[in-house]
1. Any residue at all in the stretch 10-31 that's in contact (Cβ under 8 Å) with a residue 40 or more places away in the chain and on the phi > 0 side of the Ramachandran plot?
2. Can you name the number of the only condition in (1) at pLDDT 95 or above; (2) farther than 24 Å from E313 by Cα; (3) touching an Asp or Glu at 6+ places or on another chain (Cβ under 9 Å) that L221 fails?
3. Name the pairs: first residue in the stretch 418-432 and farther than 18 Å from E447 by Cα, second residue of a type in the set (F, W, Y), Cβ to Cβ under 8 Å, at least 6 apart or on different chains?
4. Can you find a residue that is touching a Phe, Trp or Tyr at 6+ places or on another chain (Cβ under 8 Å) and not assigned by TED's automatic domain parsing to the domain that holds L31 anywhere in the stretch 111-120?
5. Among the residues of the stretch 306-360, count how many are surrounded by fewer than 16 Cβ atoms within 10 Å (Cβ to Cβ), of a type in the set (D, E, K, R) and more than 27 Å from F458 (Cα to Cα).
6. Looking at A84, A132, can you tell me which residue is over 20 Å from L13 (Cα atoms), outside the structural domain of V40 (by TED's automatic domain parsing) and surrounded by fewer than 16 Cβ atoms within 10 Å (Cβ to Cβ)?
7. Can you confirm whether V477 is part of a loop (DSSP other than H, G, I, E, B) and either at pLDDT below 95 or within 36 Å of the chain's Cα centre (by Cα) (or both)?
8. Scan the stretch 204-212 and give yes if some residue there is within 30 Å of Q284 (Cβ to Cβ) and in contact with a Gly (Cβ under 7 Å, 6 or more places away or on another chain), otherwise no.
Amino acid sequence: MKLYPLFADLKGLPVLVVGGGSVARRKVAALRDAGAQVRVGAPHIDAELARCAASGEIEWLQGEYAPAWLDGVWLVIAATGERAVNARIAADARERRILANVVDDAVLSRFHVPAIIDRAPLTIAISTAGAAPALASRVREALERVLDHAIGPLVALAQRHRAGIARRFPDLAERRGFYGWLHDGPVLKLLRRARAAEAEQALLDALRVGASAPAKGSVTLVGAGPGDPGLLTLAALRALGQADVILHDQLIGEEILAMARRDAERIDVGKRCGGRQVPQEQTQELMLAHARAGRRVVRLKGGDPFVFGRGGEELAFLRGHGVDCAIVPGITAAVACAAYAGIPLTHREHAQSVCLVTAHGKDAAETLSDAMLAQPRQTLAVYMGVERLGMLTARLLARGRAPDTPVALIEHGTTPRQRVIAGVLRELPMLAKTHAVATPALLIVGEVAAFAHTQAWFGELVAEARAIQPQPVRMEVA
């Protein structure tokens, strides 16, 4: 069956929904959103529909279906759940030349209600002509992941200035070029950053000079999370899909890079202990050069750009050189790896705070303060500390951490190679050596780490010592 796609203006028009259950309620809500005058016919209606009827938002035709209910309506939806009744409604509507939809019955329907992506005033409708509505929903979900949420405000802005755009660009080809600039240029970027007034001014400036300005280069610092591609945000996916150049860390997996625009240039600028090093200054100069050449640059970082990712340095450098910048946060390793190990970073009985620290660098671990290391009821999450576990353990014990404090090492967190090595603080260096723990690995210290023994749900668990349970820390109140 091939359907004719149609968007109907129902504002102020009477429509009929036959049925009073949850399906009818959803249909009524969509029709009311479109401005229709909704009548609901059914012997009984659910509580929400009853509330709408009592407030006058809808009209309730109480009783069994009667053909007279169709008088004056423009379309009807049959949602009774009884095929014989639905068939009567469809037949009566056909005789009166009224479009009818019968829920979950493509044969009886004269119009279909599609899966909708709403970016008002932009609406995208998806239909399988009734063959497989569930698949239409899956397509809608896929499109929702990549369609920019700022596209609705962009369409609304273009709608407000449609007449001016048509006057300024009477040639259709030039007009199309201008709309392309609206989407690819600074206007959409400004709307994405909730700067509506600046976006409108950019549009007006372009109309005044009569031509769209050449595309300016930009840099987006994007957090890719700790490894699982499923943890990428929608904003990260959109940035990858629009990138001309991607400067990525060495640990960014191929599964994540495969989600980027196919013809984007990829540059590995990663840093890894004991491996090839790309100086930070060189990375920054590469971003600057590509942006000045008018390219859309994505600086793709593991975790979050602003959590031990040098994103702050890069942002300051780029802003200092006048480069247009944006930030897409990512899920940082402490949050994601702990979750994949079944470890809550906070817990009302065990930890009321979290401290994120890095042991990377010559003096980083030595300069950790006592407040960081020995704070009671606090979870300590240590990034890049595998090579300094002996020193970390000694300092924690010296600052009052109990030898049997639970610890967990999460290696290659959130990826298929994940291992969780759980034990106690006094055995931490031995655990890492025995199980040949390698980077990248996150260390968690604190009572909550004991939950890995019973709640680890992803990857391999290596539980050493006794399967301890976290014990609440009792605080004396003066």
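1. Among the residues of the stretch 10-31, at least one is in contact (Cβ under 8 Å) with a residue 40 or more places away in the chain and on the phi > 0 side of the Ramachandran plot, which makes the answer yes.
2. Unmet condition: (2).
3. Q418/Y340; Q418/F458
4. No, the stretch 111-120 has no match at all.
5. Qualifying residue count for the region: 2.
6. After ruling out the rest, the residue left standing is A132.
7. yes
8. Within the stretch 204-212 (the criterion being within 30 Å of Q284 (Cβ to Cβ) and in contact with a Gly (Cβ under 7 Å, 6 or more places away or on another chain)), the answer is yes, since at least one residue qualifies.
The values are calculated or read from the model by the stated rules, or taken from the named source; none is laboratory data. Everything quoted here is computed from the prediction, not taken from an experiment. Ideal geometry is used to build each Cβ from the backbone, glycine not excepted, and the neighbour counts take in all protein chains shown.
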